[in-house]
Amino acid sequence: MKIIVNGCGKVGITLLESLVAEGHDVVAIDNNPRVLSEVTNVYDVMGVCGNGTDSDVLLEADVGNAELMVSVTGSDELNMLSCFLAKRLGAKYTIARIRNPEYNDKSLGFMREQLDISLTLNPELMAARELFNILKMPSAAKVETFSARNFEIVEIKLKPDSALDGMKIMDMRSKFKAKFLISAVGRGEDAYIPDGNFVLKSGDRVYISATSNEIVKLLKEMGIQQKSAKKIMIFGGGKLAFYLAKKLSEGNNAVTIIEKNPTVCERLCEALPKVTIVNADGTDQEALLEEGLLSVDAFVSLTGMDEQNILMSAYAHTMSVPKIITKINRQALMPLAESWGLDTVISPKMTVSDVLVRYARALENSQGSSVETLYRLMDDKVEALEFIAKDGLDFLNVPFKDLSLKPNILIAGIIRDRKTIIPSGEDMLLVGDKVVVFAANQRINNLSDIKR
């Protein structure tokens, strides 16, 4: 599929990398020749130097034959205009990154309709929702949701003293009463879709699938359940901090934002009257202690500098803050964060990348059981995907015990009429079911791809 990406910043490069890995024919547009040269040297993409709102530049990129145009420059207005022009010049679908809070209200739907934009992306708002879910369930390192929160995946890391160390997965079902499924396990650099004989070890990253209530029940039975974070300190006052603080304050949580820039502080004070805004240097340990670091339930580091986020999160870890979340955009720094005990990491650009990959796969399979939701886990080694089972699927009404699946594939859950089913061998798919599938070390485009 031919896809044009306008803007080669952090998000744009991440999207290029993901789309090329998916096998798409990608054209990159950027007005910086040095950046474009680096991109075309590293990735298998065509490059066009210029402004994505210039019709001549879009025509040079062959926009008329593009299935999808994605504009992710640093300007919301340029992204909207670029998508508008691309659609008029023949692009079938358009996606614009729109980050400004002023645009992300009731007017967003109107603008999308008038500019004929297929989808809008707001990395910070998406990441804020993800952070909010984690803060509601602090025991988890990651929380991903499907089907309007009827089904969830949580990641937990087994500590050295974990009760699960040395336990077979089949024995967990008899030990714990909650209804759940161990869908994937990460061990070092390896990813597994485990069977019942798989033995868990300390240090494993374990992905549990179930309804929210059942996950809470399981975590309580395991003795690792933490209460929802109610008192949160946020380091950094950018857009992500704004969206998260707004969502948290609406739920009557006590939120403090530490921000060095006085102009940003004034803007936040006006926009977030229920949030405590402190004009201070968040890298100053004394300042953090004065503002109550030792009494908070969670410390969330969201500045634009990965190294700064890691260092201050590590400091909060030494101060025994119960929950620590760190924003990191550079994948190369992830192992460093993990080695320092920072298990919960957020990357807005990767969140957007998952959405775009899902959208592109859905376009490729618009007539079949296309991808409704997609999350990539364990450094992209595992995917969790949601499909809708449509009429014509050749294994409808077939018990799973009689279904031959490809290796490293697991049907993790079925959502039927708002009811979640943790599947057994006797269960089967019916038309209209929402199906959550885990796949390790392979790409699944369509629900029919899971069968041998």
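The values are calculated or read from the model by the stated rules, or taken from the named source; none is laboratory data. Since the model is a prediction, treat every value here as computed from it, not as a measurement. All Cβ positions, glycine included, derive from the backbone under ideal geometry; neighbour counts span all protein chains shown. Areas reflect the complete protein model, heavy atoms only, side chains present, ligands, DNA and RNA absent. Shrake-Rupley method; radii C 1.70, N 1.55, O 1.52, S 1.80 Å.
Here are a few things to note about the model shown:
- Within region 209-228, tally of residues that are buried (at least 23 other Cβ atoms within 10 Å of the Cβ) and in contact with a helix residue (DSSP H, G or I) (Cβ under 8 Å, 6 or more places away or on another chain): 1
- Pairing residues of region 272-285 that are free of Cβ contacts under 8 Å to residues at least 24 places away in the same chain with residues that are buried (at least 17 other Cβ atoms within 10 Å of the Cβ) and assigned to a strand (DSSP E or B), at Cβ distances under 6 Å and at least 6 apart in sequence or on separate chains, gives THR276/THR256; VAL278/ILE258; ALA280/ILE258.
- Residue within region 65-88 that is in contact (Cβ under 8 Å) with a residue 60 or more places away in the chain and at positive phi present: no
- Candidate set from region 397-452 (those that are among the acidic types (Asp, Glu) and in contact with a strand residue (DSSP E or B) (Cβ under 8 Å, 6 or more places away or on another chain)); member that is least open to solvent (accessible area, probe 1.4 Å): ASP433
- Members of region 317-336 found to be over 18 Å from the mean Cα position of the chain (by Cα) and either touching a residue at least 40 places away in the same chain (Cβ under 8 Å) or closer than 19 Å to LYS157 by Cα (or both), listed by number: HIS317, THR318, SER320, VAL321, PRO322, LYS323, PRO335, LEU336
- In region 133-180, the residue that is surrounded by the most Cβ atoms within 10 Å (Cβ to Cβ) out of those that are within 14 Å of THR344 (Cβ to Cβ) and of a type in the set (S, T, N, Q) is SER139.
- Close Cβ contacts (under 6 Å, 6 or more residues apart or on different chains) running from residues in region 294-311 that are surrounded by 24 or more Cβ atoms within 10 Å (Cβ to Cβ) to residues that are in a loop (DSSP other than H, G, I, E, B) comprise ALA298/ALA229; PHE299/VAL321; LEU302/GLY236; ASN309/THR303.
- Taking the criterion of being in contact with a Cys (Cβ under 9 Å, 6 or more places away or on another chain) and of a type in the set (D, E, K, R), no residue of region 50-59 qualifies.
- Qualifying residues in region 186-208 (those that are among the acidic types (Asp, Glu) and open to solvent by 50 Å² or more (accessible area, probe 1.4 Å)) - the one farthest from GLY166 (Cα to Cα): GLU189
- In region 59-84, the residue that is most open to solvent (accessible area, probe 1.4 Å) out of those that are acidic (Asp, Glu) and outside any loop (DSSP other than H, G, I, E, B) is GLU60.
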